[in-house]
1. Looking only at region A:32-46, filter to residues that are buried (at least 17 other Cβ atoms within 10 Å of the Cβ) and under 22 Å from B:Gln157 (Cβ atoms); which one of those is nearest to the other protein chains (Cβ to nearest Cβ)?
2. Taking the conditions exactly as written (more than 14 Å from chain A (Cβ to nearest Cβ) and either closer than 30 Å to A:Gln164 by Cα or modelled with pLDDT under 85 (or both)), does B:Pro109 satisfy them or not?
3. Could you list, in sequence order, the residues of region B:126-170 that are more than 7 Å from chain A (Cβ to nearest Cβ), part of a loop (DSSP other than H, G, I, E, B) and either open to solvent by less than 40 Å² (accessible area, probe 1.4 Å) or under 29 Å from A:Glu120 (Cα atoms) (or both)?
4. Open to solvent by 40 Å² or more (accessible area, probe 1.4 Å), at pLDDT below 80 and polar (S, T, N, Q), is that true of B:Asn203?
5. Only one residue in A:His372, A:His380 is open to solvent by 10 Å² or more (accessible area, probe 1.4 Å), out of contact with any helix residue (DSSP H, G or I) (no Cβ under 6 Å at 6 or more places or on another chain) and either without any contact (Cβ under 8 Å) to a residue 60 or more places away in the chain or within 11 Å of chain B (Cβ to nearest Cβ) (or both). Which one?
6. Identify, please: which residue in region A:277-314 is open to solvent by 10 Å² or more (accessible area, probe 1.4 Å) and assigned to a strand (DSSP E or B) and is, among those, farthest from A:Arg365 (Cα to Cα)?
7. Check off (1) at pLDDT 70 or above; (2) within 14 Å of chain B (Cβ to nearest Cβ) for A:Gly29 and give me the number that stays unchecked.
8. Just to check your reading of the model, which residue among B:Glu275, B:Glu281 is touching a helix residue (DSSP H, G or I) at 6+ places or on another chain (Cβ under 7 Å), farther than 30 Å from A:Ser139 by Cα and either at pLDDT below 90 or of a type in the set (Asp, Glu) (or both)?
There are 2 protein chains.
Amino acid sequence: MFDILLTSDEQGPLYIQLYRHIRGLIQRGAIPDGTKLPSIRALSQQIHFSKNTIETAYQMLIEEGYVISKPRSGLYVVAPLLLQTNTNQHAFNLSQNTNEKALQSPYAPIDFSLLETDSESFPLQAWKACLNESFNYNSCRIHQYGDYKGEYALRLQIAHYLKQSRGVTCSPEQILVGTGMSNSLHLLSKLIGQSARVAFEKNAIAQVGDLFSQNGYTVVSFPLNENLSITEIMPGNIDAVYVTPSHRPSGNHLSYAIRQELIHWAYHNQSHIIEDDYDGEFRHAGKTIPSLQGLDPHGVVIYIGTFSKAFTPALRMNYMVLPPQLLPKLQSMERTLSSPSRLDQLAMALFMERGHWYRHIRKMRNTYRKKHERMLQLIHTHLGSHVQIESGGAGLHIELTVNRTCSAEELKELAHAKGVRVYSSQQPELVPNNKKPKIYLGFGGITIKDMERGIPLLKEAWIR
Amino acid sequence: MFDILLTSDEQGPLYIQLYRHIRGLIQRGAIPDGTKLPSIRALSQQIHFSKNTIETAYQMLIEEGYVISKPRSGLYVVAPLLLQTNTNQHAFNLSQNTNEKALQSPYAPIDFSLLETDSESFPLQAWKACLNESFNYNSCRIHQYGDYKGEYALRLQIAHYLKQSRGVTCSPEQILVGTGMSNSLHLLSKLIGQSARVAFEKNAIAQVGDLFSQNGYTVVSFPLNENLSITEIMPGNIDAVYVTPSHRPSGNHLSYAIRQELIHWAYHNQSHIIEDDYDGEFRHAGKTIPSLQGLDPHGVVIYIGTFSKAFTPALRMNYMVLPPQLLPKLQSMERTLSSPSRLDQLAMALFMERGHWYRHIRKMRNTYRKKHERMLQLIHTHLGSHVQIESGGAGLHIELTVNRTCSAEELKELAHAKGVRVYSSQQPELVPNNKKPKIYLGFGGITIKDMERGIPLLKEAWIR
């Protein structure tokens, strides 16, 4: 048992206060490793908080790895040094194990996440101001569903932004605001045909392939290569080609000639091109590459963009630009569309109208350019000739080929044992056989300090 | 041309200021009916606002029917008295037509919408406070996607609320926060099988049937009747039965015996029950009916609830309670789940924890009970023996059978000509042949004042 005395100057919901308090005690060592936490009922009687409050605080501690749950026993504190094994069921039993590896491991795992964005750059004040202001001006409309395609004010701002920044030519009527990539793919499957066959570049990033499969598409791969014509390399019966022109698997961007040829090919083969421009804003060397959509005279390109990379994934807001000929089909599907909160949409429209969005993008370009440079330096210094960097200087992740004869899974496990999380492609269809393992390192969410700790640990894990 | 002079004490985004200003001029008659609005370019040069700003303001005026767009000509003001024909392409030409009907018509259409909620009851201050507070405490987590099933703090609050208020027995692990009914049905189709056959009660409300069809389900109907056993009435090969136990098509709720039998039948026929409790909170006579889920010992019931009725549809937030045996399947689908904004979820958790949610529900019960009573009185007084009321005293809409030999579509058109919007079932499968037409009147969003104008207009439209 231990005492919990909350000071009266704590602020916020009770469960946050309680969570912070216990976390502080664990961090300071005031609750030692292996301590069993009091049961929810017991703590509730002791401190007169509701069971709900205590359960939420405990759940947050579990999620962040400060506490583990042992079946039929209870919750136990996991002291910092042992956290690297917190996915292991026997983590708690290792508390006597003080071998060197465990001591060298960092406190919390270093995560080269592909999904997180920079945590320090969020324009909190401007966003809150826009949210509150749009609340005040739109509270009279809060009892209605609103436009199923997304708020018109936001669609107009997106059209304007895409034209200026990404060379996309469209009217607000072509824009559809949605709740994320999977939601967009589900909707698209209804527009371009159920169980459509979609061609992916070989080595394309894994998670997207999974999302297509899970939404009923058949995924096939093709080797996109400047030296071969599209007609030669494309498999038969393709309904759509998925491309990320700003950030290809090989790292290079598509040449103008290939881009033209692809559009031409799609038009003559009654196929679509799904252009996923998720991080097209962030090109670290040279200018950003305008979108494929802007080159398309036929209306074959479906352009997908997101606020999750350049702004925050917490809003779950993305958008598609549809070719005009797909719009009539949308009308019968109105009620199946899934859009994000109207208030967030109206706040985003205001945020863009006021210029905050443009300022934010400029700031993020700088931040990510610095992070990208530092990543390359660190990889050079510590991993040197043991890896090849495949990144062409765009986006928020770097792809490494590691000169070892083992699988990407094994590399991930070796890294994990050092407390570092790295990622790989999991769609077997998209990974060539008998090749050296490829690893993805995201740098959007990680701090420079954590990079500087993480890359040397990868050397220890993989090389010596 | 007309002058636009914005006063400097106007507040809000420029497009809102401009929209309000022009709307005011139209309402006061300062811009007469039929006036052509200046082009976007011309107005932009005149008042030095950006074209985007002007386009947004114009679009808002069009959406609300103050202005119509004539192809290849421009935008024209539609004066209040003519607004009832604003869906008509020739509305503008009617400006000379001052017949009695037009003069009697109200300014804006009276809408017995099935989707809107009460516009005056939204707890604006409490919600804004929770949103801002949860922002402050969670800004450190805004760069992450968060839990794909929904924020744990919110799922815990929902579980607690459902247990107390709806008799639902579940743990937070069984709860999945989503972005609306269509999203839930899409997900369910992956859990219970693609193109599942779903049985609906005859006469079930139309829109839901459409949503099932659009998500790939096959919809069949059955006549639920206290005098027949479930085995006798249920069609073969059913994967799931859709029910709204608190608010059935016939208006009555299901007896305890039938509810037990339904669960028993589903268990023995390896079928599921999809319990849609969208307005189960609002029972105007007697106590609310506890959920079917709470009676289910086998885990056959999938319970669906929403914040769109009792709170606001603007957040696009709903949830499902899944039986434990469906949970393992969810793990591989994590990234295909679509959840609402994390910040809204965390704000809602706080809103519930602080008791605001419970206070709000109590307040809404009162509001809707009063609206329901007034609707029944008005229908009695004005429509009397010409209609039968099928409502059993629950939910936010009333179902009428109208004693006329015409279709529901014709009744809708007659009402529309008087400036009143009413609704009907559109799924032919669910409407019995050769029956009197049925009409749905929602009363969630409409004001009592508009009811008092609208019901007498329905008499004029349908009866004399």
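The values are calculated or read from the model by the stated rules, or taken from the named source; none is laboratory data. Treat the numbers as computed from the prediction; the structure is a model and nothing was measured. Note: ideal-geometry Cβ built from the backbone for every residue, glycine included; neighbour counts use all protein chains shown. Accessible surface areas use protein heavy atoms only, side chains included; no ligands, DNA or RNA. Shrake-Rupley method; radii C 1.70, N 1.55, O 1.52, S 1.80 Å.
1. Only one residue tops the list, namely A:Ile40.
2. Values: more than 14 Å from chain A (Cβ to nearest Cβ): no; either closer than 30 Å to A:Gln164 by Cα or modelled with pLDDT under 85 (or both): yes.
It is false that B:Pro109 is more than 14 Å from chain A (Cβ to nearest Cβ) and either closer than 30 Å to A:Gln164 by Cα or modelled with pLDDT under 85 (or both).
3. Correct list: B:Asp147, B:Tyr148, B:Lys149, B:Gly150, B:Glu151, B:Gly167, B:Val168, B:Cys170.
4. Values: open to solvent by 40 Å² or more (accessible area, probe 1.4 Å): no; at pLDDT below 80: yes; polar (S, T, N, Q): yes.
Judged against the criteria, B:Asn203 is not a match.
5. Working: A:His372 fails: either without any contact (Cβ under 8 Å) to a residue 60 or more places away in the chain or within 11 Å of chain B (Cβ to nearest Cβ) (or both).
Result: A:His380 is the single residue among A:His372, A:His380 that is open to solvent by 10 Å² or more (accessible area, probe 1.4 Å), out of contact with any helix residue (DSSP H, G or I) (no Cβ under 6 Å at 6 or more places or on another chain) and either without any contact (Cβ under 8 Å) to a residue 60 or more places away in the chain or within 11 Å of chain B (Cβ to nearest Cβ) (or both).
6. Filtering region A:277-314 for residues that are open to solvent by 10 Å² or more (accessible area, probe 1.4 Å) and assigned to a strand (DSSP E or B), the one farthest from A:Arg365 (Cα to Cα) comes out as A:Thr306.
7. For A:Gly29, the failing item is (2).
8. Working: B:Glu281 fails: farther than 30 Å from A:Ser139 by Cα.
After applying the criteria, what remains is B:Glu275.
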